[in-house]
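*Asks:* Pasting a structure here, questions to come.
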Amino acid sequence: MDEAIQSEQQQHLTLVIRKACFGLPTACPSCLPVYIYLKFANVPFDLSYNLTFPDSDQIPYVDTDTYVAYNNEKGGVIESLKEDNIVNLDAGVQNLPEWVSTMAMINSWLSDAILYELWVGSDGSSAHKIYYSDLPWPVGKLLYLKQVHNVKQLLGISKETAERREEEIYRRATMAYQALSTKLGEESFFSDNRPTSLDAFFLGHALITLYALPETSVLRGKLLEQANLVKYADKLKAEFLDAGSSSPDPSSSSVPRRGPSNWGSKPKGQPKRERTQEEKSFRRKAKYFLVTQMVAVLVFLSLLGGSDDTEVDADGDDGFDYDG
Amino acid sequence: MVEKEDPISEVAEDEEDYDEDEDEEEEEPPVTSQSRMRNDRERMEGLLRRMSSERVPLRVHDVIIKGNNKTKESLIEAEVQALKTVTSMQELLQAATIANARLQKLAIFDSVTVTLDSGPPDLPGTSNVIVEVVESKNRVTGDIGIFTKPEARSWSLESSLKLKNMLGHGDIWDGSLSYGWDQTSEISTGVALPRFMKLVNPVTARVSLLSQDWLKFSSYKEQALGLSLGLLSTRNHDLAYNLSWRTLTDPSQMACKSVRSQLGHNLLSHLKYTFKIDKRNSPLRPTRGFAFVSTSQLGGIFPDYRSVRFIRQEFDLRYALPLGFARAAINFGVAGGVIFPWGGGFVNTPVSLPDRFFLGGNSSPVCSLGGPTSLLGFKTRGLGPSEPRREVGEKAGDAGFDPSSERDFLGGDLAVTAFADLSFDLPLKVLRDSNIHGHAFACAGSLVKLTENSFRDLSFQKYRDSFRRSAGFGLIVPTKLFRMEVNYCYILRQHEHDRAKTGVQFSFSSPL
């Protein structure tokens, strides 16, 4: 685990990523690998969250006062950090053909798969929580619809090709998982028995697939079939993310600690700390919606049945009144 | 036009001879035209004498509206409402003039005629009012020109299309496209309704898409999609509500740390109240009078707690003192503004970048009324808190770049400007006739940050030191197309990173 940090760059780094949720320091697929990479390298850094720019390709970025390594330059944050001699974990492996092709596989097939699953393959609740829960409702909703459209264009999904593309994406993801599972075997890391950026990328993907995607997700199911990959993800999460070796900035939200989870059962209950303002307001809105639906059904039935006015016991708080 | 000739004489006859028929003049014994004219004149003089000495009681029996094919009658009736409650001839004349002016102001009629006629013969002491309107045939008008929006502080090319009275409610729809010198572009469409439902005041609504490029000054670009509603607009008061979705981006990827943290999407929902009183004799070269403008903005009144929250208050006070010779006058002005956020944890939150105060630019302080904005000698957004931009190079920290151009100006939370300007005519008659005049000025301004606990570091001494000063003299050339100023400006005091230059500078503004 040798890192090469030049003395002149030993200024205090700040990592700007999207917010923490689902028990992870961040659940955004482009941000988590960078976080994990810095944790692998044991580099001290501050954490800062950007809550208002979900459609920016500049995030994640690492900065000091005047130096910035953006996500959309020089091949990504990790590549920039390597090139600028700040953190480099890949010395000795980054030219090996097998390492390069495994990286390419993760960054194309698996990256496409998680993009598909977040925006098209599921109901969008995970994506909403990761990206839009801190934006005012009209803005968040419009940006979400715009992003769904963009992802469909990027993945070449249209009405005619939807089924075929879905099958192709899942097939490739399965192949990738099987190949990675074979490559990993019983080792702790993918190459050279030490963490490299390949581990960072795959671990980021795996953790988001396992924790952030809903239970019914096809991709999640496919990953669960590879037991050694799941064990790898669990182990590294406990060692590097939950242990909190270099503690994040106190002003940022803390990552709740959790032990190895039981994958076979229902998804674990959310830790109490997760129930933030957005969660509460979402629950309130869901309650209103359910009450409205119930009342509408009752009114319909009463009109249909010709019975007299039904008394509605609205358990909603704000004096919700409906004249039947 | 109020026709005063025959109808009034008819009414006058009614006044004097209550039982007489309205057709009485046709039944007069045949007289020579001269004696008839003499009689009419005598009657008119008698009536005017009566009107000037005593109140002539009269009431309006009916208001008849003619000529409105598309316009809803309720709209015209509402504008001439006052006619129905008059009790005398004098009031009627006054109300008729006012009604005429109000209908003309709707700007949807080619001509408006208010005729006073005598009432039905069996109802003495009454009058009928006939309002005849000619609706504009050409309902679409286009406009293109180079104007200067005072708030944009630069030239802009504007083109607009107006559609009048599409729905018959006196509604005026317009679409406009404008492109500014400082790469501000805006496309908008709006509607103005003189009467919306039961509201007495005109209501306007506007949807606009605005794009502003501040990359050179603060390393960000701003796009805003907004809806604004004008709720109240009178001569002195203006109340408007604005809801907009604003996005800040940095395509140059060179922004400083503070700007980086502000990039993203925001929902802005604010109420803006402006009180304005301008008693100066001219907005461009005031030599007498005073003016006062106060603008208050309350942001964050959207039900969603995540919209941008702030309170912003600015004021501007001017006074012009004539000196009695060579049309000379001294203009004094002081303007100030403050903005701070509200809501939980407001002491630590920064104000959103585009809402802050920025000082600088070449606009003349005498002409631009509306808050602290200009300080001659300093470039646009050229003073105040600033931060170094991102360093890019072979090795970070490479030397050899101009420090002042590598900084982002972030604006401030508390801005104060003051100026004194002496304007005078030049000795040459030819210059005097074309209104070319000279002026000498002195300005001072300060822009500081208060939020994020910066106010704790601000002492009175430090605040006094934060004032920049400049002075100079120049020539003002007003032409039909624009107003040009050529100034020599000397910077008396500036701070290390300010963008200011001693020397000659030109500035252009709107001619009106």
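*Asks:* What accessible surface, in Å², does a 1.4 Å probe find on B:THR189, ignoring ligands, DNA and RNA and rounding to the nearest 10?
*Replies:* 70
*Asks:* Please give me the summed charge of the neighbours of B:PHE332: other residues whose Cβ is under 11 Å from its Cβ, Lys and Arg +1, Asp and Glu -1.
*Replies:* It works out to a net charge of 0.
*Asks:* Moving to a separate point now. Counting residues in segment A:127-198 as N, plug N into 2.2 N^0.38 Å and put the Cα Rg over that result.
*Replies:* Relative to the 2.2 N^0.38 Å estimate, segment A:127-198 comes out at 1.63.
*Asks:* Carbon and sulfur: what percent of segment A:186-238's accessible surface (1.4 Å probe)?
*Replies:* Carbon and sulfur: 50 percent of the exposed surface of segment A:186-238.
*Asks:* Report A:ILE169's accessible area, 1.4 Å probe, all protein chains in place, as a number in Å² to the nearest 10.
*Replies:* Estimated to the nearest 10 Å², A:ILE169 gives 10 Å².
*Asks:* Give the accessible area for B:LEU321 in Å² (nearest 10); use a 1.4 Å probe, count only protein heavy atoms, and leave out ligands, DNA and RNA.
*Replies:* 70
*Asks:* Report the B-A buried area as the accessible area lost on both sides summed, probe 1.4 Å, in Å² to the nearest 100.
*Replies:* Details: alone 27600 and 17250 Å², together 42610 Å².
Protein heavy atoms only, the B-A interface buries about 2200 Å².
*Asks:* Return the Rg/Rh value of segment B:202-270, two decimal places, where both radii are evaluated on C-alpha atoms and Rh is the Kirkwood radius.
*Replies:* 1.13
*Asks:* Right, next: Among the DSSP beta bridges whose two residues both lie in segment A:1-121, what percent are antiparallel, rounded to the nearest 5?
*Replies:* Bridges in segment A:1-121 that DSSP calls antiparallel: roughly 55 percent.
*Asks:* Using the structure shown, select from B:LYS216/B:LYS480; A:LYS19/A:LYS39; A:LYS146/B:LYS162 the pairs with a Cα to Cα distance greater than 22 angstrom. Working shown, then result.
*Replies:* Working: B:LYS216/B:LYS480 32 Å; A:LYS19/A:LYS39 17 Å; A:LYS146/B:LYS162 33 Å.
Exceeds cut-off: B:LYS216/B:LYS480; A:LYS146/B:LYS162.
*Asks:* Return the loop-located trypsin sites (Lys or Arg not before Pro) in segment B:201-306 (DSSP other than H, G, I, E, B) with at most 13 other Cβ atoms within 10 Å of their own Cβ; answer none if there are none.
*Replies:* Taking segment B:201-306 and a limit of 13 other Cβ atoms within 10 Å, the loop trypsin sites (Lys or Arg not before Pro) found are B:ARG235, B:LYS279, B:ARG288.
*Asks:* For segment B:459-512, what class follows from the C-alpha gyration tensor (a ≥ b ≥ c being the square roots of its eigenvalues): rounded when a/c is under 1.5, otherwise prolate if a/b is larger than b/c, else oblate? Walk me through the intermediate numbers first.
*Replies:* Numbers: a/c = 3.32, a/b = 2.48, b/c = 1.34.
Prolate.
*Asks:* Sticking with this structure for a sec: Assigning unit charges at the beta carbon (Lys, Arg +1; Asp, Glu -1) and nothing else, what dipole magnitude in debye, to the nearest 20, does segment B:299-368 show about its Cα centre?
*Replies:* Working: 6 positive and 4 negative charges, 15 e Å.
Here the size comes out at about 80 debye.
*Asks:* Just by accessible area at a 1.4 angstrom probe, what is the order of B:SER208, A:SER158 from largest to smallest?
*Replies:* Sorted descending by solvent-accessible area, the residues read A:SER158, B:SER208.
*Asks:* Right, another one. Compare A:ASP123, B:ASP143 by solvent-accessible area with a 1.4 Å probe and give them largest first, with all protein chains kept in place. Please report the intermediate quantities before stating the final value.
*Replies:* Values: A:ASP123 120, B:ASP143 90 Å².
I get A:ASP123, B:ASP143, largest accessible area first.
*Asks:* Same structure again: Report the Stokes-Einstein translational diffusion coefficient (µm² s⁻¹, integer) for chain B, Rh taken as the Kirkwood radius over Cα pairs, at 25 °C with viscosity 0.890 mPa s.
*Replies:* Stokes-Einstein gives a translational diffusion coefficient of 90 µm²/s.
*Asks:* Once you put a point 7 Å from the Cα of B:VAL430 and another 7 Å from the Cα of A:LEU301, both along the Cβ direction, what distance in nm separates them?
*Replies:* Distance between label points: 9.6 nm.
*Asks:* In whole angstrom, how far apart do the alpha carbon centroids of segment A:115-148 and segment B:30-51 sit?
*Replies:* 85
*Asks:* Got a sec? Charge dipole of segment A:57-195, +1 on Cβ for Lys and Arg, -1 for Asp and Glu; which of A:THR161, A:VAL148, A:ILE130 is way out at the positive end?
*Replies:* A:THR161
*Asks:* Further question on the same structure: In what order, largest first, do A:ASP90, B:ASP433 sit by accessible area if the probe radius is 1.4 Å?
*Replies:* B:ASP433, A:ASP90
The values are calculated or read from the model by the stated rules, or taken from the named source; none is laboratory data. A quick note: this is a predicted structure, and the numbers were derived from the prediction, not measured. Because the Cβ atoms are built from the backbone with ideal geometry, glycine has one as well, and the counts that use them run over all protein chains shown. Only protein heavy atoms, including side chains, enter the accessible area calculation; ligands, DNA and RNA are left aside. Shrake-Rupley method; radii C 1.70, N 1.55, O 1.52, S 1.80 Å.
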